[in-house]
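K.L.:
Questions regarding the structure given below will be posed in turn.
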Amino acid sequence: MALQLQSASFTHNGAIPTKYTCEGSDLSPPLAWTGVPPGTKGLVLIVDDPDAPDPKAPKMTWVHWVLYNLPPDATGLPEAVATLPAGTREGLNDWKRTGYGGPCPPIGRHRYFHKLYALDTTLPDLGRAGKADVEKAMQGHILAQAELIGTYQKTG
């Protein structure tokens, strides 16, 4: 069975509800996964937006959430997750803080990639690591990956 990632709040390529954005309560969405392969020692979740600042002229990928060393027996994260599964470490997002930062696109409809990786190792404590540090540490250790894309455009 392949690794799969989904949310009860939006479909793949569907619109992310406002409550998970800067125009709402900025809550993390509920996420669930299945198909974690045998031999997995840890999971990594990265949420980013490759359309920043303008989807018509993207210049960078904005990182919204970085989690690593999620335990392999975890099956998801609840909405507005307050307590992460034991052993989970948080990396820095592009606001230079840990935790979830919801969609807040300055212009246009952006895509938000929720990427889950199953690793054959537990990553060391990377300190105040960003996405690039976690991706570098993951190299050569990815057993499987899954992706869920949501979109958002400001209403105001």
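K.L.:
Considering only protein heavy atoms and a 1.4 Å probe, what is the carbon-and-sulfur percentage of the accessible area of the stretch 70-156?
P.N.:
49 percent
K.L.:
Also, quick follow-up: What percent of all Cα-Cα pairs in the stretch 16-76 falls into each 5 Å bin, going from 0 up to the bin containing the maximum distance?
P.N.:
P(r) for the stretch 16-76, in whole percents per bin: 4, 14, 18, 20, 18, 14, 9, 4, 0.
K.L.:
Around GLY102, under 10 Å between beta carbons, what's the net of Lys plus Arg minus Asp minus Glu among the other residues? All intermediate terms of the calculation are to be shown ahead of the outcome.
P.N.:
Details: positive: LYS19; negative: GLU23, ASP26.
Result for the local shell: -1.
K.L.:
Another question, then. Might you tell me the accessible area per residue for the chain, computed with a 1.4 Å probe and given in Å²?
P.N.:
Dividing the accessible area of the chain by its residue count gives 48 Å².
K.L.:
Let me have the relative contact order for the stretch 15-108, percent, based on Cα pairs under 8 Å that are six or more residues apart.
P.N.:
Details: 177 pairs, mean separation 30.4, N = 94.
The value is 32 percent.
K.L.:
If you don't mind, there's one more thing I want to ask. Stokes-Einstein D for the chain at 4 °C, 1.567 mPa s, Kirkwood Rh over Cα pairs, in µm²/s?
P.N.:
After rounding, the answer is 83 µm²/s.
K.L.:
Just for the chain, what percent of DSSP beta bridges are antiparallel, to the closest 5? The partial results should precede the final answer.
P.N.:
Numbers: 32 of 34 bridges.
So the antiparallel bridges in the chain amount to around 95 percent.
K.L.:
Right, here's the next one. In this model, which of LYS19/LYS154; LYS41/LYS136; LYS41/LYS115; LYS59/LYS136; LYS96/LYS131; LYS115/LYS154 are farther than 20 Å apart at the alpha-carbon? Please list the in-between numbers first.
P.N.:
Working: LYS19/LYS154 12 Å; LYS41/LYS136 17 Å; LYS41/LYS115 17 Å; LYS59/LYS136 22 Å; LYS96/LYS131 11 Å; LYS115/LYS154 23 Å.
Pairs exceeding 20 Å: LYS59/LYS136; LYS115/LYS154.
K.L.:
With +1 assigned to the C-beta of every Lys and Arg and -1 to the C-beta of every Asp and Glu, and no other charges, what is the dipole magnitude of the chain about the Cα centre in debye, to the nearest 20?
P.N.:
Result for the chain is approximately 240 debye, rounded to the nearest 20.
K.L.:
In the chain, with Lys and Arg counted as +1 and Asp and Glu as -1 at Cβ, which of these residues, TYR20, ALA82, LEU5, has the Cα nearest the positive end of the dipole, that is, farthest along it?
P.N.:
Going by the charge dipole, the pick is TYR20.
The values are calculated or read from the model by the stated rules, or taken from the named source; none is laboratory data. Given the structure is predicted, the values throughout are model-derived calculations rather than measurements. In this analysis, Cβ positions are derived from the backbone assuming ideal geometry, glycine residues included, and neighbour counts consider all displayed protein chains. What goes into the accessible areas is simple: the full protein's heavy atoms, side chains included, and nothing from ligands, DNA or RNA. Shrake-Rupley method; radii C 1.70, N 1.55, O 1.52, S 1.80 Å.
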